[in-house]
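Here the structure is laid out as structure tokens; the discussion comes afterwards.
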Amino acid sequence: MTSDHAAEMSDHAVDIDKHVRVYITVFVALMVLTVITVAISYLHLSVPLAVTVALLIAIVKGSLVAGYFMHLVSEKKLIYAVLVLTVAFFVALLALPVFTHSNGFWIPE
Amino acid sequence: MDIPYTVELRRDTGLNNGKIGIWLFLASEVMLFGALFASYILIRVGAPSWPRGDTVLDVPLATFNTIVLISSSVTMVMAWASLMRRRFETFRMYMGGTILLGLTFLVVKYFEYGHHLELGEFPSTNNFLAVYYTLTGLHMLHVFGGMVVNAYFWGPGAKLWKTNPVWFTNRVEHSGLFWHFVDLVWIFLFPTLYLL
């Protein structure tokens, strides 16, 4: 290991203590949100409302994992560029069957 | 000849090879699971009727597995943090915990599958079960794949720590990114399959 790398890791070690506190907080938040997701399912809401609530909570949980455990809150621009492109194609992929259905191209019998 | 940018960062992107490589791979994984989620939506909105997941599947067992997988994400990130703090033995403990939690997830899934198969509920039985087995089966393969890589870094791959700790830390970070992605997929699979 070069001295530059050793110094770099030492600097990081100081930051890591702060990060670890964040990881624990995110862990608790994820557990609470899991309990809320399951609890809401017992309310037997209407399907559109249940889907909306479940997906909103899942998006919040997913954002916490991606943002803090995968360090996306402090990532480089190139990674963001790759992900913006991915999200655009992902949304198009999910929207395609929904639009096809709502335009009446899909008529189940 | 050494391959450049395994440890040092490229000046133009600020990234090393492994980091950009794993994110491009994860982007392809998003599209893989995206295609299956799109198929699920298409089949479900086109079906005359569709069962609520909790009438067919075991919600308490899946909730337990959700907690297991989220916990494994925390132990994974703590394993990486331990290396950043230069505490190798702590890394081994957390990485071992991650592997065991992954194993717990798979064992629970084995009993869950076994229960459905005993009841004669096969992928060919109906579209709901076909979607359930396909999505959870592919996810299980990812859990298994992640465990194999993590076990390598816990065991034989760990000798790199002695010769090149920065490179080893990078490798663990990148396998962690994959593991967190597997957790992230489950966070969406759990409500969409089991609760709605």
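The values are calculated or read from the model by the stated rules, or taken from the named source; none is laboratory data. None of these values were measured; they are calculated from a predicted model. Here Cβ is always computed from backbone atoms with ideal geometry, including for glycine, and neighbour counts include all displayed protein chains.
Worth a mention:
- Among the candidates B:157, B:145, the residue that is of a type outside the set (S, T, N, Q), at pLDDT 95 or above, surrounded by fewer than 16 Cβ atoms within 10 Å (Cβ to Cβ) and closer than 18 Å to residue B:178 by Cβ is uniquely B:145.
- The residue list B:28, B:39 contains one member that is of a type in the set (Gly, Ala, Ser), within 27 Å of residue A:23 (Cα to Cα) and at the interface with another protein chain (Cβ under 10 Å from one of its Cβ atoms), which is B:28.
- Any hit, the stretch A:13-20, residues being over 18 Å from the mean Cα position of the chain (by Cα), more than 10 Å from chain B (Cβ to nearest Cβ) and farther than 23 Å from residue B:65 by Cβ: yes
- Residue in the stretch B:122-130 that is small (Gly, Ala, Ser), farther than 17 Å from residue B:194 by Cα and surrounded by fewer than 16 Cβ atoms within 10 Å (Cβ to Cβ) present: yes
- Among helices (runs of 4 or more DSSP H) entirely within the stretch B:95-196, having at least 2 residues that are small (Gly, Ala, Ser) singles out B:127-154, B:165-189.
- Meets criteria (among the hydrophobic types (A, V, I, L, M, F, W, C), surrounded by fewer than 22 Cβ atoms within 10 Å (Cβ to Cβ) and closer than 21 Å to residue B:26 by Cα) for residue B:181: no
- Only one of B:67, B:22 that is facing chain A (nearest Cβ under 7 Å) and modelled with pLDDT of 90 or more: B:67
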